[in-house]
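The values are calculated or read from the model by the stated rules, or taken from the named source; none is laboratory data. Computed from a predicted model, the values in this text were never measured in an experiment. Because the Cβ atoms are built from the backbone with ideal geometry, glycine has one as well, and the counts that use them run over all protein chains shown.
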Amino acid sequence: MTEGALVDRFDRIVDVVLQRRDATAALRDAELGPLAAVAADLRYTPSEAFKAGLRSGLARRAALSSAMAGGGGREGLTTVTPLVAAGGAGVAEFMTLVFGAEHAPLKPGYREVRVGDSSMLIDEGHLQTLVPLRPAEFHVSVDDADAAFERALKAGGTSLGPPTNRPYGERAGFVRDPFGNHWFIGTPLPGGLLPPGRRTLMPFFHSPGARDFMAFLQRAFGAIEERVHEGGGHVVYALMRIGTAQIEVGEADEPSMPGAFYMSVADADVVYAEAIDAGAASLLPPTDRPEGERLAAVKDPMGNHWLIARGLR
Amino acid sequence: MTASTDDERRLIEAAQADPARFVELYDRYFDRVYAFVSRRASDRALAEDVTAEVFHHALANLGRYEWRGLPLSAWLFRIASNALADRWRHDARERNEVPDDVADPHEAETLERRVMLFQLVDRLPEAQRQVIQMRFVEERSIREIAAALGRSEGAVKQLQLRAVENLRKDMRRRD
């Protein structure tokens with residue numbers, strides 16, 4: 001057979017292979033059968049563009065993970081720590097009375113309030129000139145929701161809803177403190193949706209379109225879904241991990257009050273750039289601060305403020 | 001512990017300490033994972049979706065991976081199997097069908113052969129590699145490839161045959 005006839009005959013075999021037609025005869029061909037077998041396997045060759053694109057996407061995600069690493073640095077202080085304005089000594093005192101919290105200056109400008117295994121940061125003034133801090137919402141797990149709810153009212157809180165057994169498996173009440181923060185105070189019920197091992201104090205985000213918000217958190221901060229419970233086509237409850245922190249997300253008709261969160265990261269510039277790329281608005285480009293932090297701030301599509309800092313350990 | 005498993009363990013620990021090193025694991029395992037997934041996936045789009053899911057999941061969870069002496073590929077294959085099963089369950093619910101069992105006694109052999117083939121394709125001379133990608137991955141016709149590469153159809157067919165002959169020769173040499 002001439003060379004030209006051979007290349008044509010092999011090309012017809014390739015056509016058969018690519019069209020997923022019966023290639024039995026080609027595979028039995030004494031001359032071209034072994035090549036037909038290779039051609040059949042070649043259909044499974046990965047696309048170079050896909051392989052390179054996935055590699056590049058993973059490298060970028062890995063760089064974000066590296067940039068997010070090192071958050072917290074000690075127990076309680078995780079990658080994402082809720083941050084509130086001081087309200088004088090009010091917020092810390094309220095938390096002490098209701099949750100038995102302890103508080104102490106962490107470094108100039110910040111006070112740390114510890115509740116169980118978690119921490120909250122209170123800004124004592126230096127951030128206010130850069131990023132406005134607003135009241136926010138928190139989910140606190142306690143041994144006895146009814147007793148903590150009563151203590152919250154005695155400490156000046158206003159009831160937004162007395163403790164009741166919630167269908168997802170928590171007995172919880174809702175209180176507004178005198179400084180405008182909302183506290184969802186709950187005790188998990190046996191057999192409920194809430195996974196064990198959650199931290200005492202959890203930032204939670206209720207939002208219409210919770211899935212979109214979760215996608216933003218994944219793109220911007222490399223958040224990982226740890227638990228997702230869906231119902232009626234919506235996310236009923238999701239537990240997500242951002243670095244060493246956990247947060248909760250759920251679908252709601254009305255968005256929760258946007259809060260402010262302090263992110264302790266290894267590379268504020270990289271995290272800031274990814275957040276902007278994911279759709280956040282810049283509040284403060286990465287800046288070296290006199291307090292020794294490299295600090296940036298963004299606003300997410302839900303209106304939450306994220307302070308992205310390297311240096312506070 | 002063999003040199004290879006020792007090397008693998010070092011790579012895993014490096015990526016656990018610094019996620020930026022994860023791409024080294026990707027480079028090492030991509031072909032194997034893709035071969036595993038593409039053998040089970042009904043089409044290329046699904047194979048790519050699931051392969052991407054496997055590596056993103058692995059990156060996100062590598063910190064929790066505990067070395068127990070098994071190759072990392074066993075963990076990656078388990079992630080892939082779960083991802084495929086999720087999709088099959090979803091599709092089966094939509095079509096009210098149960099997927100066929102994909103058990104294959106020659107699985108390991110097929111996998112090894114394809115991984116070797118993928119690696120050999122990467123090493124083909126540039127023009128032959130291009131033709132293989134366009135013909136077998138993009139499933140373009142000889143005429144389209146000829147137009148894209150500025151060659152005659154006869155020349156493209158010739159490159160196609162030469163490429164497959166070279167692959168066959170190299171595979172026999174390695175067997």
I'm checking my understanding of the structure. Among residues of region B:20-46 that are buried (at least 20 other Cβ atoms within 10 Å of the Cβ) and more than 8 Å from chain A (Cβ to nearest Cβ), which one is farthest from the chain's Cα centre (by Cα)? B:Leu25
Could you please find all residues in region B:143-157 being facing chain A (nearest Cβ under 8 Å) and surrounded by fewer than 21 Cβ atoms within 10 Å (Cβ to Cβ)? B:Gly154
Scanning region A:10-28 for residues that are charged (D, E, K, R) and away from chain B (no Cβ under 13 Å), which turns out surrounded by the fewest Cβ atoms within 10 Å (Cβ to Cβ)? A:Asp22
Are any residues in region A:124-149 of a type outside the set (Asp, Glu) and not in a loop (DSSP other than H, G, I, E, B), and if so, which ones? A:Phe138, A:His139, A:Val140, A:Ser141, A:Ala145, A:Ala147, A:Ala148, A:Phe149
Being within 9 Å of another protein chain (Cβ to nearest Cβ), surrounded by fewer than 20 Cβ atoms within 10 Å (Cβ to Cβ) and among the acidic types (Asp, Glu): is that true of B:Glu138 here? yes
List the number of the failed condition for A:Ser141; all other conditions in (1) farther than 22 Å from A:Gly303 by Cβ; (2) touching a Pro at 6+ places or on another chain (Cβ under 6 Å); (3) of a type in the set (S, T, N, Q) hold. (2)
Close pairs (6 angstrom Cβ cut-off, 6 or more residues apart or separate chains): aliphatic (A, V, I, L, M) in region A:238-262, buried (at least 21 other Cβ atoms within 10 Å of the Cβ) and in a loop (DSSP other than H, G, I, E, B) anywhere: A:Met240/A:Ala223; A:Ile242/A:Thr79; A:Ile242/A:Ala223; A:Ala245/A:Thr78; A:Ala245/A:Thr79; A:Met257/A:Ala136
Residues B:Leu11, B:Leu25, B:Leu62: which one is closer than 21 Å to A:Ala49 by Cα, of a type in the set (A, V, I, L, M) and assigned to a helix (DSSP H, G or I)? B:Leu25
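Yes/no matrix, rows are residues, columns are (1) free of Cβ contacts under 8 Å to residues at least 24 places away in the same chain; (2) under 53 Å from the mean Cα position of the chain (by Cα); (3) not in a loop (DSSP other than H, G, I, E, B):
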{"site": "A:Ile13", "(1), (2), (3)": "no, yes, yes"}
{"site": "A:Asp22", "(1), (2), (3)": "yes, yes, no"}
{"site": "A:Leu35", "(1), (2), (3)": "no, yes, yes"}
{"site": "A:Ala40", "(1), (2), (3)": "yes, yes, yes"}
{"site": "A:Tyr44", "(1), (2), (3)": "yes, yes, no"}
{"site": "A:Arg55", "(1), (2), (3)": "yes, yes, yes"}
{"site": "A:Ser66", "(1), (2), (3)": "no, yes, yes"}
In the set A:Ala62, A:Ala69, A:Ala49, A:Ala36, which member is at the interface with chain B (Cβ under 10 Å from one of its Cβ atoms) and at pLDDT 95 or above? A:Ala49
Subset of region A:266-287 (residues that are buried (at least 17 other Cβ atoms within 10 Å of the Cβ) and touching a Pro at 6+ places or on another chain (Cβ under 8 Å)): A:Ala268, A:Tyr272, A:Ala280
Quick check on region A:160-177. Is at least one of its residues within 18 Å of A:Phe94 (Cα to Cα), of a type in the set (S, T, N, Q) and assigned by TED's automatic domain parsing to the domain that holds A:Ser119? no
What's the total number of residues in region A:173-208 that are free of Cβ contacts under 8 Å to residues at least 40 places away in the same chain and not in a strand (DSSP E or B)? 6
Of all residues making up region A:150-172, the number that are part of a strand (DSSP E or B) and more than 24 Å from A:Ala85 (Cβ to Cβ): 9
